[in-house]
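The values are calculated or read from the model by the stated rules, or taken from the named source; none is laboratory data. Since the structure is predicted, the reported quantities are computational estimates derived from the model, not experimental observations. Glycine also receives a Cβ, built like all others from the backbone with ideal geometry; neighbour counts cover every protein chain displayed.
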Amino acid sequence: MKIFAFAGSNSSTSINKQLVKFALKSFPEYEINLIDLNDYVMPLFSVDVEKKGYPDEANQFLKNIEECDLIVCSLAENNRSYSTAFKNVFDWTSRINVKIFQDKPMLLMSTSPGGYGGGNVMTEAKKFFPDFGAQILETFSLPKFNQNFDPEVGITNSELLAELESKIENFKTQI
Ligand SMILES: Cc1cc2nc3c(=O)[nH]c(=O)nc-3n(C[C@H](O)[C@H](O)[C@H](O)COP(=O)(O)O)c2cc1C
């Protein structure tokens, strides 16, 4: 079984990528394909540029999903929505296959330094990712990342840690 994992961020210090890496520790039996959105940089989506064809990176992103059994991701929140880096990948890939996520089971997460933990982008993704083929089985938002996460340890807040662990267990029982 193979997991395709990504953070919806192009930051080299992405807190969402740190959360994804932490969650992936609960899947030791799986082969992991954790990508970096910086390897999927494409021109800013435009219907004019699109006439020249689709970037290889967009096809590769979709191929990663085709080849996986599960998706584990965490979305960065910028101005209450997706990061530009993720939205560009989203837009390009949706033009090739509107069912981007190809009915793969998804553990969907978000985090931010704020108390809502990326709750706005989570709400948007929960509502609309299914239109793009996502089979969201569990969701988790980590609020106040800097207070609740230690890069050496992971989630330090025991209630939030228990919540994520329980959701991952539920996720595993559904796949
Ligand atoms: C342009 C911009 C807009 C942001 N808007 C929000 C926001 O609406 N809500 C929020 O919780 N955090 C917001 N933030 C803070 C991000 O959550 C924070 O930068 C976080 O580290 C992003 O995740 P990442 O480290 O995985 O990229 C914003 C940051 C930037 C740069």
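Restricted to region 1-25, and to residues there that are farther than 12 Å from PHE145 by Cβ and in a helix (DSSP H, G or I), the residue that is farthest from the ligand (Cβ to nearest atom) is LEU24. The residue that is farthest from the ligand (Cβ to nearest atom), counting only those in region 46-89 that are closer than 24 Å to GLY118 by Cα and assigned to a loop (DSSP other than H, G, I, E, B), is TYR82. Looking across PRO105, PRO28, PRO43, one residue alone is crowded, with 18+ Cβ neighbours inside 10 Å, modelled with pLDDT of 95 or more and away from the ligand (no atom under 14 Å from the Cβ). It is PRO105. Listed by first and then second residue, the pairs with beta-carbon distance under 6 Å, at least 6 apart or on different chains, first residue in region 68-91 and among the basic types (Lys, Arg), second modelled with pLDDT of 95 or more and surrounded by 16 or more Cβ atoms within 10 Å (Cβ to Cβ), are ARG80/ASN120. Restricting attention to region 67-83, does a residue exist that is among the polar types (S, T, N, Q) and either within 12 Å of the chain's Cα centre (by Cα) or surrounded by 22 or more Cβ atoms within 10 Å (Cβ to Cβ) (or both)? Within region 67-83 (the criterion being among the polar types (S, T, N, Q) and either within 12 Å of the chain's Cα centre (by Cα) or surrounded by 22 or more Cβ atoms within 10 Å (Cβ to Cβ) (or both)), the answer is yes, since at least one residue qualifies.
Restricting ASN97, ASN33, ASN10 to residues that are touching a residue at least 12 places away in the same chain (Cβ under 8 Å) and surrounded by 18 or more Cβ atoms within 10 Å (Cβ to Cβ) narrows the list to ASN10. Every residue in region 72-105 that is among the hydrophobic types (A, V, I, L, M, F, W, C) and either more than 14 Å from ALA134 (Cβ to Cβ) or touching a helix residue (DSSP H, G or I) at 6+ places or on another chain (Cβ under 7 Å) (or both), please. Those that are among the hydrophobic types (A, V, I, L, M, F, W, C) and either more than 14 Å from ALA134 (Cβ to Cβ) or touching a helix residue (DSSP H, G or I) at 6+ places or on another chain (Cβ under 7 Å) (or both): VAL72, CYS73, LEU75, ALA76, ALA85, PHE86, VAL89, TRP92, ILE96, VAL98, ILE100, PHE101. Screening PHE101 on (1) under 30 Å from LEU164 (Cα atoms); (2) assigned to a helix (DSSP H, G or I) shows it passes everything except condition (2).
Candidates in region 117-157 are the residues that are surrounded by 17 or more Cβ atoms within 10 Å (Cβ to Cβ) and assigned to a loop (DSSP other than H, G, I, E, B); of these, the one that is farthest from the ligand (Cβ to nearest atom) is GLY133.
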